[in-house]
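Here is the structure we will look at.
The values are calculated or read from the model by the stated rules, or taken from the named source; none is laboratory data. Nothing here was measured: the structure is a model prediction, and the numbers come from that model. Here the Cβ positions follow ideal geometry from the backbone for every residue, glycine too, while neighbour counts run over all protein chains shown.
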Amino acid sequence: MTAGLWENWLLPGVWITIQLTLYSAVFAAVVAFGIGMARTSRLWIVRFLTGFYVEVFRGTSALVLMFWLFFVMPLAFQYQLVPMWAAVLALGLTYGAYGSEIVRGAIAAVAPAQREAAIALSFTPAQRMRRVILPQAIPEMIPPFNNLLIELLKATALVSAVSVADITFAAQLSRLATGDSLEIYAIILVLYFVLAFVLTRLMRLLERRAKAGIGQAPVKSGKGPLVTRKLSSRQETEQSSNIITAGGAQ
Amino acid sequence: MATETDHTNPAVDGSELIRFDQVTKRFGSNTVLDNLDFSVSSGKHVTLIGPSGSGKTTILRLLMTLLKPDEGTIKVDGDYLTHEDKGGKLVPAGEKHTREVRKKIGMVFQQFNLFPNMRVLRNITEAPVHVLGLSKDEAETRARELLDLVGLGDKCDAYPTQLSGGQQQRVAIARALAMRPQVMLLDEVTSALDPELVAGVLDVLRDIAHTTDITMLCVTHEMNFARDISDDVLMFDAGRVIESGPPEKIFTEPEHERTREFLSAVL
Amino acid sequence: MSWNWDVAKDFLPELGNGLLITLEATALGSVLAFALGLVWAMAFRSPTRFVRWPVAAVVEFIRNTPLLVQLFFFYYVLPTWDIKFSALTTGVIALGLHYSTYTAEVYRAGIDGVPKGQWEAATALSLSRGRTWTAVILPQAIRRVVPALGNYVIAMLKDSPMLALIGVVDMLQKARAEGASSFQYIEPYTMVGIAFILIAYPASLLMRALERRLGH
């Protein structure tokens, strides 16, 4: 292996992957909170439209959506996105739809009595959401968001298909140049694993801080998984809602 | 927002503060309140008693707008609660109108319902600051006074989960009082407490009943407490008031057969 | 927007052929994921840590790295070891292996959900370890995990277009080929996208109904 491989291809690729993950995660979080809260709206039309959005983007294949944004959008709407932003858009819209289910689930899991107490104190609906419901719901969202973030990180590899020079793209180039597939793919698999590990550690830190902020001790995961939590985000949302209803019936 | 900041107490002139007019509430095919009429005068302490399922708690939840009546109207201090008077016609009220009327009412819940994400002091100051528009300093000063009143002056910085049930309920009472309500609704406030913690909470409420002129509407199973603080006792059965009067009369010589049965079962 | 119905009509048979491959890859991948996942889940319960730990490490590694890179790994590296599969077979292996790390957790949750008393009762009856698994534990565990497994089948369906990137002629590859040969992009890609939604949405409704019926 030459030093040039790292300096010229892999390190810039890692940087692109980190940027992609970060931008897509921020975009997806905005979508998730927007859609997730809108799905609890009193207006049926808002619930219907946001529900439609979620079903469409959960039903979509992220890779197909990426190709669509990359090839069809410029032709259909005369608007060419920079590949990087087409990728962020595709990932953010898709994972935002998944994330909105987490947000909705966590909001629904806050004890109804908390809402009633907030009504009894004459908070406006917006104040109820901001001051009472969300501060309790957000710590419960972090573990499933962690899973989703790892899924998002893995999905960033798809962008290599639309010529964004991420880690996977760098590996392709390197393979073509050197012909050595084993080494390069082994290296980048480890790179992804390390990134996933770091992300998970960061999210754990966030979870601990968030839980401390509401007077709860952080939950120790006893089974000792090496990196991530075990269940799919959907199941974990349900699981955490069970925990809330069982434990926090204040 | 400044409407509630003048600190004069509501006039205790015996005027009608709460009025239910032909209120009906159904859950599915089950009629919980049946054409209910009743009123509470300003400054009075009224206790609702009756078998469970008789609609007592429903009255409190209607007043707190946690439920909407199917028929009839509710007035608080002369204003319609769930309706608005638009050019002589009654229309369902918007959120804003309802909130303005509801600000006169405070509620203490069976399960306390403190906000677990906020420390004790902030539980009490949050609504006065953000709903009534009090300054943070003023709200905190008031909150500390109220915590002293309920005997928890040293618990400002605790989280609710660090307190016993009785302490949580006393914080919840302080939180309701901090909104300077004209009416306090007490919904079986001791039912979720361990027996040895009940007395502390009732003492605080007795104190408030005897030293302030806040109107109180209580649902309780503590008959001694009801006898002690009530001006009036209303006996409920099957969605109707079947008997009412001063506690001495209801508890010693009830007229209605159902009242006698109920009292002999609980006393 | 310039939608051309003639192009759409011409592409429809191609889409149908691609769909068959997509479904084939998903179905075979699912079978592999179900079987391998069960192996991992039982290995997690192995009495010796020399089995538990390596399996846990491998499963953890596979789940936390991208399926696409694993796909390339198998497609480009295996032939250098003189292991030669068709693109479709390689794709099915990668898909099945990747998702087996998810189904393993589903099984684990299902197995943990079987009351401890069932293991004890099996021991009390002197059932063999194999018999305990096949006759007592798994029948109870698998029933409750069906909806969760179904959701991963849907996820595999949506990930299967990755196989186009190693040349499997699925729906996406058909659209790419159409674009390359006729420069028609709008209709093929849009139709492929809609096809996925049309399959995935009813399937997820089915799983939700199943979840409710099994009382989750």
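List pairs: first in the range B:125-138 and more than 10 Å from chain A (Cβ to nearest Cβ) and farther than 14 Å from A:Ala118 by Cα, second assigned to a loop (DSSP other than H, G, I, E, B) and β-branched (Val, Ile, Thr), Cβ under 7 Å, 6+ apart or cross-chain?
That search, which allows pairs on different chains as well, returns B:Leu134/B:Thr5.
Output the residue which, of all residues in the range C:74-107 that are in a loop (DSSP other than H, G, I, E, B) and not β-branched (Val, Ile, Thr), is farthest from the other protein chains (Cβ to nearest Cβ).
Start the filter on the range C:74-107 by keeping residues that are in a loop (DSSP other than H, G, I, E, B), which leaves C:82-86.
Restricting the remaining residues to those that are not β-branched (Val, Ile, Thr) gives C:82, C:84-86.
Numbers: C:Asp82: 13, C:Lys84: 14, C:Phe85: 15, C:Ser86: 18 Å.
For the range C:74-107, the residue satisfying everything is C:Ser86.
The rows are residues; the columns are (1) aromatic (Phe, Trp, Tyr); (2) at pLDDT below 90; (3) buried (at least 22 other Cβ atoms within 10 Å of the Cβ).
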residue	(1), (2), (3)
A:Val26	no, no, no
A:Gly34	no, no, no
A:Leu43	no, yes, no
A:Phe77	yes, yes, no
A:Tyr95	yes, no, yes
A:Tyr98	yes, no, yes
A:Glu101	no, no, no
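So which residues in the range A:61-83 are touching a residue at least 12 places away in the same chain (Cβ under 8 Å) and over 22 Å from C:Met171 (Cα atoms)?
Answer for the range A:61-83, where residues must be touching a residue at least 12 places away in the same chain (Cβ under 8 Å) and over 22 Å from C:Met171 (Cα atoms): A:Leu81, A:Pro83.
Here's the yes/no breakdown for (1) surrounded by 15 or more Cβ atoms within 10 Å (Cβ to Cβ); (2) under 21 Å from the mean Cα position of the chain (by Cα); (3) in contact (Cβ under 8 Å) with a residue 40 or more places away in the chain:
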position: B:Val183; (1), (2), (3): yes, yes, yes
position: B:Asp194; (1), (2), (3): no, no, no
position: B:Thr215; (1), (2), (3): yes, yes, yes
position: B:Glu222; (1), (2), (3): yes, yes, no
position: B:Phe236; (1), (2), (3): yes, yes, yes
position: B:Gly239; (1), (2), (3): yes, yes, yes
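Can you name the condition, by its number, that B:Gly72 falls short on among (1) of a type in the set (Gly, Ala, Ser); (2) part of a helix (DSSP H, G or I); (3) closer than 30 Å to B:Glu261 by Cβ?
With respect to (1) of a type in the set (Gly, Ala, Ser); (2) part of a helix (DSSP H, G or I); (3) closer than 30 Å to B:Glu261 by Cβ, B:Gly72 is out only on (2).
The conditions are (1) under 21 Å from C:Ser160 (Cα atoms); (2) within 14 Å of chain B (Cβ to nearest Cβ), and A:Phe67 fails exactly one of them. Which is it?
Result: A:Phe67 fails condition (2) only.
For the range C:61-73, name all the residues that are in contact (Cβ under 8 Å) with a residue 40 or more places away in the chain and within 9 Å of chain A (Cβ to nearest Cβ). Step through it out loud before you land on a result.
The first filter runs over the range C:61-73 and keeps only residues in contact (Cβ under 8 Å) with a residue 40 or more places away in the chain, leaving C:67-68, C:71-72.
Once the filter is applied, which keeps residues that are in contact (Cβ under 8 Å) with a residue 40 or more places away in the chain and within 9 Å of chain A (Cβ to nearest Cβ), the range C:61-73 yields C:Leu67, C:Leu68, C:Phe72.
Could you tell me which residue of the range B:214-267 is nearest to B:Glu188 (Cα to Cα), considering only residues that are of a type in the set (Lys, Arg) and out of contact with any Phe, Trp or Tyr (no Cβ under 7 Å at 6 or more places or on another chain)? Walk me through it before giving the result.
Step one: of the range B:214-267, the residues of a type in the set (Lys, Arg) are B:227, B:240, B:249, B:258, B:260.
Imposing the further condition that a residue be out of contact with any Phe, Trp or Tyr (no Cβ under 7 Å at 6 or more places or on another chain) reduces the set to B:240, B:249, B:258, B:260.
Values: B:Arg240: 19, B:Lys249: 22, B:Arg258: 21, B:Arg260: 21 Å.
Restricting to residues being of a type in the set (Lys, Arg) and out of contact with any Phe, Trp or Tyr (no Cβ under 7 Å at 6 or more places or on another chain), the top hit is B:Arg240.
Out of the residues in the range A:173-218 that are facing another protein chain (nearest Cβ under 10 Å), closer than 17 Å to A:Asn146 by Cβ and modelled with pLDDT of 90 or more, which is surrounded by the fewest Cβ atoms within 10 Å (Cβ to Cβ)?
Applying the filter and picking the extreme gives A:Val194.
Is it the case that the range C:119-127 has a residue that's under 22 Å from the mean Cα position of the chain (by Cα), at negative phi and in a helix (DSSP H, G or I)?
So the first thing to find is which residues in the range C:119-127 are under 22 Å from the mean Cα position of the chain (by Cα), and the list is none.
Looking for residues that are under 22 Å from the mean Cα position of the chain (by Cα), at negative phi and in a helix (DSSP H, G or I), one finds none in the range C:119-127, hence no.
Out of C:Ala203, C:Ala177, which single residue is in a helix (DSSP H, G or I), modelled with pLDDT of 85 or more, under 21 Å from C:Leu23 (Cβ atoms) and small (Gly, Ala, Ser)? Reasoning before the result, please.
Working: C:Ala177 fails: modelled with pLDDT of 85 or more.
Answer to the check: C:Ala203.
Mind listing whichever residues of the range B:75-94 are under 17 Å from the mean Cα position of the chain (by Cα) and part of a loop (DSSP other than H, G, I, E, B)? Outline the logic, then answer.
Residues of the range B:75-94 under 17 Å from the mean Cα position of the chain (by Cα): B:75-77, B:81.
Answer for the range B:75-94, where residues must be under 17 Å from the mean Cα position of the chain (by Cα) and part of a loop (DSSP other than H, G, I, E, B): B:Asp77, B:Leu81.
Per-residue answers, yes or no, for (1) under 18 Å from the mean Cα position of the chain (by Cα); (2) surrounded by 13 or more Cβ atoms within 10 Å (Cβ to Cβ):
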position: A:Phe48; (1), (2): no, no
position: A:Tyr53; (1), (2): yes, yes
position: A:Arg58; (1), (2): yes, yes
position: A:Leu63; (1), (2): yes, yes
position: A:Trp68; (1), (2): no, yes
position: A:Phe71; (1), (2): no, yes
position: A:Pro74; (1), (2): no, yes
position: A:Gln80; (1), (2): no, no
position: A:Pro83; (1), (2): no, yes
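For the range C:128-161, what are the residues that are part of a loop (DSSP other than H, G, I, E, B) and touching a residue at least 60 places away in the same chain (Cβ under 8 Å)?
At the first step, the residues of the range C:128-161 found to be part of a loop (DSSP other than H, G, I, E, B) are C:128.
Matches in the range C:128-161: none.
If you check B:Val76 against the conditions, is it within 27 Å of B:Pro160 (Cβ to Cβ), modelled with pLDDT of 85 or more and touching a helix residue (DSSP H, G or I) at 6+ places or on another chain (Cβ under 9 Å)?
Numbers: within 27 Å of B:Pro160 (Cβ to Cβ): no; modelled with pLDDT of 85 or more: yes; touching a helix residue (DSSP H, G or I) at 6+ places or on another chain (Cβ under 9 Å): yes.
Against the criterion (within 27 Å of B:Pro160 (Cβ to Cβ), modelled with pLDDT of 85 or more and touching a helix residue (DSSP H, G or I) at 6+ places or on another chain (Cβ under 9 Å)), B:Val76 does not qualify.
Report the residue count in the range C:173-197 for those that are touching a helix residue (DSSP H, G or I) at 6+ places or on another chain (Cβ under 9 Å) and either more than 8 Å from chain A (Cβ to nearest Cβ) or of a type in the set (Phe, Trp, Tyr) (or both).
Kept after step one, since they are touching a helix residue (DSSP H, G or I) at 6+ places or on another chain (Cβ under 9 Å), are these residues of the range C:173-197: C:173-179, C:182, C:184-193, C:195-197.
From what is left, the residues that are either more than 8 Å from chain A (Cβ to nearest Cβ) or of a type in the set (Phe, Trp, Tyr) (or both) are C:173-174, C:177-178, C:182, C:184-185, C:187-189, C:191, C:195-196.
Final tally of qualifying residues: 13.
Output the number of the condition that A:Arg39 fails; it satisfies all remaining conditions of (1) surrounded by fewer than 19 Cβ atoms within 10 Å (Cβ to Cβ); (2) farther than 25 Å from C:Leu157 by Cα; (3) of a type outside the set (Val, Ile, Thr).
(1)
Say we look at the range B:122-177 and pick out the residues that are of a type in the set (S, T, N, Q) and part of a helix (DSSP H, G or I); which of these is nearest to B:Ala209 (Cα to Cα)?
Our first condition is that a residue be of a type in the set (S, T, N, Q); within the range B:122-177, this holds for B:123, B:125, B:135, B:141, B:161-162, B:164, B:167-169.
So of that shortlist, the ones also part of a helix (DSSP H, G or I) come out as B:123, B:125, B:141, B:161-162, B:167-169.
Working: B:Asn123: 23, B:Thr125: 23, B:Thr141: 22, B:Thr161: 28, B:Gln162: 28, B:Gln167: 19, B:Gln168: 19, B:Gln169: 16 Å.
Once the filter is applied, the top-ranked residue is B:Gln169.
I'd like the full set of residues that are at the interface with chain A (Cβ under 7 Å from one of its Cβ atoms) and either more than 16 Å from B:Thr65 (Cβ to Cβ) or in contact with a Ser or Thr (Cβ under 8 Å, 6 or more places away or on another chain) (or both), limited to the range B:96-124.
Within the range B:96-124, B:Arg99, B:Arg102, B:Lys103, B:Gln111, B:Phe112, B:Leu114, B:Phe115, B:Pro116, B:Asn117 meet the criteria.
Somewhere in the range A:107-119, is a residue more than 14 Å from chain B (Cβ to nearest Cβ), free of Cβ contacts under 8 Å to residues at least 40 places away in the same chain and over 18 Å from the mean Cα position of the chain (by Cα)?
no
Restrict the check to the range A:84-99 and report whether at least one residue is in contact with a helix residue (DSSP H, G or I) (Cβ under 9 Å, 6 or more places away or on another chain), within 14 Å of chain B (Cβ to nearest Cβ) and without any contact (Cβ under 8 Å) to a residue 40 or more places away in the chain. Spell out how you get there, then give the answer.
Kept after step one, since they are in contact with a helix residue (DSSP H, G or I) (Cβ under 9 Å, 6 or more places away or on another chain), are these residues of the range A:84-99: A:84-99.
Then drop every residue that is not within 14 Å of chain B (Cβ to nearest Cβ), which leaves none.
For the range A:84-99, residues in contact with a helix residue (DSSP H, G or I) (Cβ under 9 Å, 6 or more places away or on another chain), within 14 Å of chain B (Cβ to nearest Cβ) and without any contact (Cβ under 8 Å) to a residue 40 or more places away in the chain: absent.
Listed residues B:Glu126, B:Glu140; which is over 20 Å from B:Asp203 (Cα atoms), acidic (Asp, Glu) and either in contact with a His (Cβ under 7 Å, 6 or more places away or on another chain) or crowded, with 19+ Cβ neighbours inside 10 Å (or both)? Give the derivation first.
Numbers: B:Glu140 fails: either in contact with a His (Cβ under 7 Å, 6 or more places away or on another chain) or crowded, with 19+ Cβ neighbours inside 10 Å (or both).
Answer to the check: B:Glu126.
With A:Arg58, A:Arg39, A:Arg47 as the choices, which residue is among the charged types (D, E, K, R), in contact (Cβ under 8 Å) with a residue 24 or more places away in the chain and more than 14 Å from every other protein chain (Cβ to nearest Cβ)?
Working: A:Arg58 fails: more than 14 Å from every other protein chain (Cβ to nearest Cβ); A:Arg47 fails: in contact (Cβ under 8 Å) with a residue 24 or more places away in the chain.
Unique residue meeting the criteria: A:Arg39.
Consider A:Ala161 carefully, then state whether it is in contact with a helix residue (DSSP H, G or I) (Cβ under 6 Å, 6 or more places away or on another chain), within 14 Å of chain B (Cβ to nearest Cβ) and more than 18 Å from A:Asn8 (Cα to Cα). So that I can check it myself, show each step before the final result.
Working: in contact with a helix residue (DSSP H, G or I) (Cβ under 6 Å, 6 or more places away or on another chain): yes; within 14 Å of chain B (Cβ to nearest Cβ): no; more than 18 Å from A:Asn8 (Cα to Cα): yes.
So A:Ala161 fails the test.
Out of B:Gly106, B:Gly94, B:Gly88, B:Gly72, I need the residue that is in contact (Cβ under 8 Å) with a residue 24 or more places away in the chain and surrounded by fewer than 22 Cβ atoms within 10 Å (Cβ to Cβ). Which one?
Details: B:Gly106 fails: surrounded by fewer than 22 Cβ atoms within 10 Å (Cβ to Cβ); B:Gly94 fails: in contact (Cβ under 8 Å) with a residue 24 or more places away in the chain; B:Gly88 fails: in contact (Cβ under 8 Å) with a residue 24 or more places away in the chain.
Exactly one of B:Gly106, B:Gly94, B:Gly88, B:Gly72 is in contact (Cβ under 8 Å) with a residue 24 or more places away in the chain and surrounded by fewer than 22 Cβ atoms within 10 Å (Cβ to Cβ), namely B:Gly72.
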